[in-house]
Amino acid sequence: LGAPPAAPLVAYDYAVLRVVPHPHRGAAAACVPVGVVVQARTREFLDLAVVTDAAWLAARVPSADAEMLARYLEACRLVCRGDAAAARAGHAVALAPPSERFHWVTAPRSDVLQCAPVHGGLCAEPAEELARLFVLYVE
């Protein structure tokens, strides 16, 4: 009878979120990866895996306010998930369609939290791919 058919592949985009401790110096080489965002439009999938452990952040980015950074990263995750609580907390973009939320997260910034270039790929399951990319780039 043979093997079961493979799951159909879906196209996705992803980007690595990183902390740039001194963005005013243009020191992107000293960046610390802290998260990965994945969007698969055809599956209406958008999620962000991020580090929100303040101790982890403080150990890797000692010059940053780790508590504030952890809260900021958690807010980004809630925005990606379209969480209504994030919208009530002042992040109205959380109510936007997934593609707009993805572009909000990946937009170029001169902030401590920046996004690396967006890349694409194919996978069977976007949530599993997000977990794999998080381990690859962050952990």
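The values are calculated or read from the model by the stated rules, or taken from the named source; none is laboratory data. What you see is a predicted model; the values in this text were computed from it and never measured. Positions of Cβ are backbone-derived with ideal geometry, glycine not excepted, and every protein chain shown enters the neighbour counts. For accessibility, only protein heavy atoms count, side chains too; no ligands or nucleic acids. Shrake-Rupley method; radii C 1.70, N 1.55, O 1.52, S 1.80 Å.
Is it the case that segment 83-93 has a residue that's aliphatic (A, V, I, L, M), touching an Asp or Glu at 6+ places or on another chain (Cβ under 8 Å), without any contact (Cβ under 8 Å) to a residue 60 or more places away in the chain and surrounded by 14 or more Cβ atoms within 10 Å (Cβ to Cβ)?
Initially, segment 83-93 is screened for residues aliphatic (A, V, I, L, M), giving 84-87, 89, 92-93.
Then drop every residue that is not touching an Asp or Glu at 6+ places or on another chain (Cβ under 8 Å), which leaves 93.
Next, only the ones that are without any contact (Cβ under 8 Å) to a residue 60 or more places away in the chain stay: 93.
This time we only want the ones that are surrounded by 14 or more Cβ atoms within 10 Å (Cβ to Cβ), so: 93.
So far as segment 83-93 goes, yes, one or more of its residues are aliphatic (A, V, I, L, M), touching an Asp or Glu at 6+ places or on another chain (Cβ under 8 Å), without any contact (Cβ under 8 Å) to a residue 60 or more places away in the chain and surrounded by 14 or more Cβ atoms within 10 Å (Cβ to Cβ).
Filter segment 76-112 for residues that are hydrophobic (A, V, I, L, M, F, W, C) and either in a loop (DSSP other than H, G, I, E, B) or touching a Ser or Thr at 6+ places or on another chain (Cβ under 7 Å) (or both); which is nearest to R18 (Cα to Cα)?
Within segment 76-112, the first condition is being hydrophobic (A, V, I, L, M, F, W, C), and the residues that meet it are 76, 78-80, 84-87, 89, 92-96, 102, 104-105, 107, 112.
Next cut, either in a loop (DSSP other than H, G, I, E, B) or touching a Ser or Thr at 6+ places or on another chain (Cβ under 7 Å) (or both) only: 89, 96, 107, 112.
Details: A89: 23, A96: 23, A107: 13, V112: 8 Å.
Checking each candidate, the answer is V112.
Out of L69, L57, L73, L133, I need the residue that is touching a Phe, Trp or Tyr at 6+ places or on another chain (Cβ under 7 Å), at pLDDT 90 or above and among the aliphatic types (A, V, I, L, M). Which one?
Values: L69 fails: touching a Phe, Trp or Tyr at 6+ places or on another chain (Cβ under 7 Å); L57 fails: touching a Phe, Trp or Tyr at 6+ places or on another chain (Cβ under 7 Å); L73 fails: touching a Phe, Trp or Tyr at 6+ places or on another chain (Cβ under 7 Å).
That would be L133, the only listed residue that is touching a Phe, Trp or Tyr at 6+ places or on another chain (Cβ under 7 Å), at pLDDT 90 or above and among the aliphatic types (A, V, I, L, M).
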Would you please name the residue that is modelled with the lowest pLDDT, looking only at residues in segment 94-119 that are among the hydrophobic types (A, V, I, L, M, F, W, C) and open to solvent by 40 Å² or more (accessible area, probe 1.4 Å)?
V112
Looking only at segment 33-75, count every residue that is open to solvent by less than 10 Å² (accessible area, probe 1.4 Å), in a strand (DSSP E or B) and over 23 Å from A92 (Cβ atoms) and tell me the total.
3
